[in-house]
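The structure appears right after this line, and notes come after that.
The numbers here are math on the coordinates, done by the rules we state, and not lab data. Everything quoted here is computed from the prediction, not taken from an experiment. Methodologically, a virtual Cβ is constructed for each residue, glycine included, from the backbone with ideal geometry; neighbour enumeration extends over all protein chains shown.
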Amino acid sequence: MRLDPAFKADAPRRYEALRRIGPIHRAKLSSGIDGWLVVDYDLAREALTHPALLKDPSPAAETLESAGYVLNQPGVGLGGQMLEADGKEHTRLRRLVSGAFTPRRTADLAPRIQQIADGLIDAMASRTTGDLVESFTAPLPVTVIAELLGIPEEHRDNFRLWTSDALNLIADSHRSSLASLHGLLSQLIEEKRTHPGDDLISALVAARDDEDGSLTEAELVGTCLLLVVAGHETTVNLLGNAVLALLHDPAQMRLLRRTPDLMPKAVEEFLRYDTSVETTTHRFASQDLELGGRLLPRGSVVVVALSSASRDAPMAAGEDPTVLDVSRPTARHLSFGHGIHHCLGAPLA
């Protein structure tokens, strides 16, 4: 099985067929690597918290390098941040970042987010035709994250170009864009050390405590880069998928228009129905292990199909997981992950 464009074009039906066969399957992953794909909700939760499935790629170094990945190369990729950390190091990074990325900071940004969204919608309404992604779903998160981080206006046009494919770390594809982002963020971090502002980069630079110390230069750059990449692409996908789902189901669109108070439930349902991230990043077996009745040798590469697992989440009797229901009482999903790597930015999303 290959996770190629043909598979993704019919992903819900194909994932449903895979779940009927079993919870985990051998697959050619989107990265081109031979690995394992978890498609079942319960096994996904187990895999995302399994103590022997780690972010450390060392056990699979040969496999990754043969597929074109570059490991531990300075200035390239998403190194130095908690998405790729395990154990105590992850705990230290998450604690420091959480101290800067507070719920209050997120809440304080809400009026500005509404203002940005209104401006983009007004601009679209003034035209007879338009592209929703180009005119709204892409510029909205770029602008919000830029303001959150404190990135000057003159640099914001580069975000979309530099971050569109940044989670794909195949060596020859995106190194120049990643290097450009690294350079920009390093420059801004240095400026914030001497001229701090009321922004997240300044707060991250200042974050420290007696137990965890402070973030290193590489950790600061990696954390900011992660926020740019993850916050941009996931929001673009969520908004686009939600609008498409409503266009395919006019009755649900009418219901949401009549009852805007349903929006919080609707957002959770959009995340469940067509999640903004199809699969997790790679996890690597640090030892031989058993998962879903299959034996995985040390060095095996595992990804979780979040879109499949979310469609497989437990529901009340009579509920249909294949149907969009913006009034669903509890829309369980794994769109923000599970376990220690649960998305820190979920409240902002």
- line: Once E62 and A11 are pulled to full extension, the length gained, defined as 0.36 nm per residue separation minus their Cα-Cα distance, is 15.4 nm
- line: Mean separation of Cα contacts under 8 Å (at least 6 apart) over the residue count of region 5-341, i.e. the relative contact order in percent, is 26
message: Using a 10 angstrom Cβ neighbour count of at most 15 plus a DSSP loop assignment to flag exposed GluC sites (Glu not before Pro), which longest range of the chain is free of such sites?
response: 1-210
message: If I model region 80-229 as equal point scatterers sitting on the Cα atoms and use the Debye formula, what is log10 I(q)/I(0) at q = 0.20 Å⁻¹?
response: -1.32
query: For region 217-315, how big is the tail of P(r) above 23 Å, as a whole percent of Cα pairs?
result: 48
- request: Run down the lysines and flag those whose C-alpha is under 16 Å from the C-alpha of K8, throwing out any fewer than 8 positions away in its chain.
  value: K28
Sequence-distant lysines (8 or more away, or on other chains) whose Cα lies within less than 16 Å of K55: K88
query: So what is the calculated 222 nm ellipticity per residue for the chain, using -39500 (n - 2.57) for each DSSP H run with n of 4 or more, over all residues, to the nearest 500 deg cm²/dmol?
result: -15000 deg cm²/dmol
- request: State which helices in the chain qualify, where a helix is a whole DSSP H run, it must extend 18 Å or more along its own axis by its Cα atoms, and its mean Kyte-Doolittle hydropathy must be at least -1.0.
  value: 87-100, 110-125, 175-194, 217-248
